[in-house]
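Participant: One structure, as structure tokens, below. Some questions next.
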Amino acid sequence: MLKDKSILLVITGGIAAYKTLDLIRQYRKAGASVRAILTKGGEQFVTPLSVSALCENQAYTDLWSLKDESEMGHIRLSREADLIVIAPASADFIAKLAHGRADDLASTCVLAADKDIMIAPAMNHKMWDNPATQANMRTLEKRGVYVTGPENGEMACGETGMGRMSEPETVFEDTLNHFQNGQKLAGLKVIVTSGPTHEPIDPVRYISNHSSGKQGHAISEVLAKWGAEVHLVSGPVSLNPPAKVKNYPVTSATDMLNQVKNLLPADIFIGVAAVADWKIKTPSDTKLKKSEGATPLTLEMTENEDILKYVASCDRRPDLVIGFAAETGDLKDKAKRKIKTKGCDWILANDVTHTNNIFGSDENHVNLIKSDENNELSCEEWPRLTKKDVAIKLAHEIADKFKTFEREGKNDNNLNIISAK
Ligand code: C5P
């Protein structure tokens, strides 16, 4: 599965280093060639001898070793790898990476790397929760470093919490996923809308909804990891934009539509945002005062233009237009009607009855409704999944769809790129 792939493994100081020995075994069994660097801390937990025996390659430890440097310079160590995996990644090494330090062989190689980097953090839960570590992690994620884990559970120190290194099987799976899916959507331009919109009443008040943006952001993150060029048009949310995604923060539905228009054309449009259906016809320029206004206050509202409908019918229509439908009751029938009125190709419909606890949660329960070339509708109910897993499943569907386009000779712009993968 990893034949012809070359992995540079960096083992830093942490008790979880013993798991890395098993990870090496799994990489080797899958056909990857593995070279390893141990930091001084790493050497305290596993020996270079056991690491090199499992890698069937010399393990490197010293930046200043004349012998190592003449045989395999540190720049070549990182250049020859297809992927750099840092497991376990200690809090100290994560801080070093975030700050671009290069004071030993491992940090120098990683700083000199021109390849993707994956880290498997492992540390005490208080160290993980520390704002310094969290800020460092955000810095790394923004730079596009892939993160696997950590997990919640009992720690070597006897405490329990978040910070356990993922099991070797999980790190291996994530590595595989990186190689198998990393280029699947390369060459495709995607516009994703996410989050709620704010429709102003006056300079301090607005009308909005409960959308957190988690689903739209998760979709953007996964599609970007799969190689797509992702443009995320996001209403006001408290989430960080995912790595490798171009983020366009907007406030109102009108701003969102204008931004989407600016970004067209694209291969794919995914309208995940919970766009407000109405806006205040004439928002007040000054703050409305209780004493001055009539009670009850009457606000005249007018409909916002439907972004999804606009994109699905515009002359620069993307090849694949996907909408979301948050409904309460009669889910499938309403979604089937919606796919027709909006003119989109697919709809992901979810029931947002409050008992389902979807808004703001990390999980989603969706039905994928597809309209084919003959306007025949199909419906597939997905199990309740994390929003990240919904995004991964959608990415698979999109990749399959574009493979079909490729077979049918559609989507000429992407033909070369898709067939190159
Ligand atoms: O009609 P409804 O709001 O239920 O439709 C939901 C779908 O339409 C979502 O994909 C949402 O992003 C999109 N939408 C839109 N512009 C609007 C309203 C909804 O793009 N003004």
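The values are calculated or read from the model by the stated rules, or taken from the named source; none is laboratory data. Not measured: the values here are computed from a predicted model. Note that each Cβ is placed from the backbone with ideal geometry, even for glycine, and that neighbours are counted across all protein chains shown. The accessibility values were calculated without ligands, DNA or RNA, using every heavy atom of the protein model including side chains. Shrake-Rupley method; radii C 1.70, N 1.55, O 1.52, S 1.80 Å.
Participant: Per the 1.4 Å probe, what fraction of the accessible area of the chain, in percent, lies on carbon and sulfur atoms? Before the final figure, lay out each step's value.
Facilitator: Numbers: 9970 of 20320 Å².
Here carbon and sulfur together make up 49 percent of the probe-accessible area.
Participant: Taking the chain as the reference, fit the longest principal axis to its C-alpha atoms, fit the long axis of helix 214-225 to the helix C-alpha atoms, and give the angle between the two in degrees, 0 to 90, nearest 10.
Facilitator: Compared with the principal axis, the helix lies near 50 degrees.
Participant: Based on alpha-carbon centroids, what's the gap between segment 15-61 and segment 277-343 in Å, whole number please?
Facilitator: 56
Participant: Give me the dipole magnitude in Debye, nearest 20, for the chain about the Cα centre, with unit charges on the beta carbon: positive for Lys and Arg, negative for Asp and Glu.
Facilitator: Rounded to the nearest 20 debye, it is 460 debye.
Participant: Could you go through segment 100-115 in sequence order and give the Karplus-derived ³J(HN,Hα) for each residue, using 6.51 cos²θ - 1.76 cosθ + 1.60 with θ = phi - 60°, rounded to whole Hz, and x for Gly and Pro?
Facilitator: x, 6, 8, 10, 8, 4, 4, 5, 5, 4, 5, 5, 8, 6, 10, 10
Participant: Here is a follow-up. State the answer as a single residue: which of Ile201, Leu83, Leu23 lies farthest towards the positive end of the charge dipole of the chain, with beta carbon charges of +1 for Lys and Arg and -1 for Asp and Glu, about the Cα centre.
Facilitator: Ile201
Participant: Taking 25 Å as R0, compute the FRET efficiency from the Cβ-Cβ separation of Arg316 and Glu397 and round it to 0.05.
Facilitator: 0.65
Participant: Taking square-rooted eigenvalues a ≥ b ≥ c of the alpha carbon gyration tensor, is segment 6-181 rounded, prolate or oblate, where a/c under 1.5 means rounded and, failing that, a/b exceeding b/c means prolate?
Facilitator: Details: a/c = 1.43, a/b = 1.31, b/c = 1.09.
It is rounded, given that a/c, with a ≥ b ≥ c, falls under 1.5.
Participant: Round to the nearest 10 and give me the degree value, 0 to 90, for the angle of helix 17-29's Cα axis relative to the longest principal axis of the chain.
Facilitator: Computed tilt is about 80 degrees.
Participant: Given the peptides 150-161, 391-402, arrange them by the average over their residues of other C-beta atoms within 10 Å, most packed first. Kindly include the intermediate steps, with their values, before the conclusion.
Facilitator: Details: 150-161: 13.1, 391-402: 19.2.
The packing order, highest mean first, is 391-402, 150-161.
Participant: Taking the chain on its own, what percent of its Cα-Cα pair distances exceed 41 Å?
Facilitator: Cα-Cα pairs in the chain separated by more than 41 Å: 27 percent.
Participant: Relative to the present Cα-Cα distance, how much length would full extension add between Thr286 and Arg25 at 0.36 nm per residue of separation?
Facilitator: 87.2 nm
Participant: Let me ask something additional. Could you state the angle between the C-alpha long axis of helix 331-342 and the longest principal axis of the C-alpha atoms of the chain, as a value from 0 to 90 degrees rounded to the nearest 10?
Facilitator: 80
Participant: Moving to a separate point now. Using the crude model of +1 on Lys and Arg Cβ and -1 on Asp and Glu Cβ, and no other charge, please compute the dipole size for segment 189-420 relative to its Cα centre, in debye to 20.
Facilitator: 380
Participant: Provide the per residue accessible area, probe 1.4 Å, for the chain, rounded to a whole number of square angstrom.
Facilitator: 48
Participant: Still on this model: Considering the dipole of the chain built from charges on the beta carbon (Lys and Arg +1, Asp and Glu -1) around the Cα centre, which of Leu377, Trp278, Met1 is farthest to its positive end?
Facilitator: Trp278
Participant: With the dipole of the chain worked out from charges on the C-beta (+1 for Lys and Arg, -1 for Asp and Glu) around the Cα centre, which of Thr133, Phe179, His99 lies farthest toward the positive end?
Facilitator: His99
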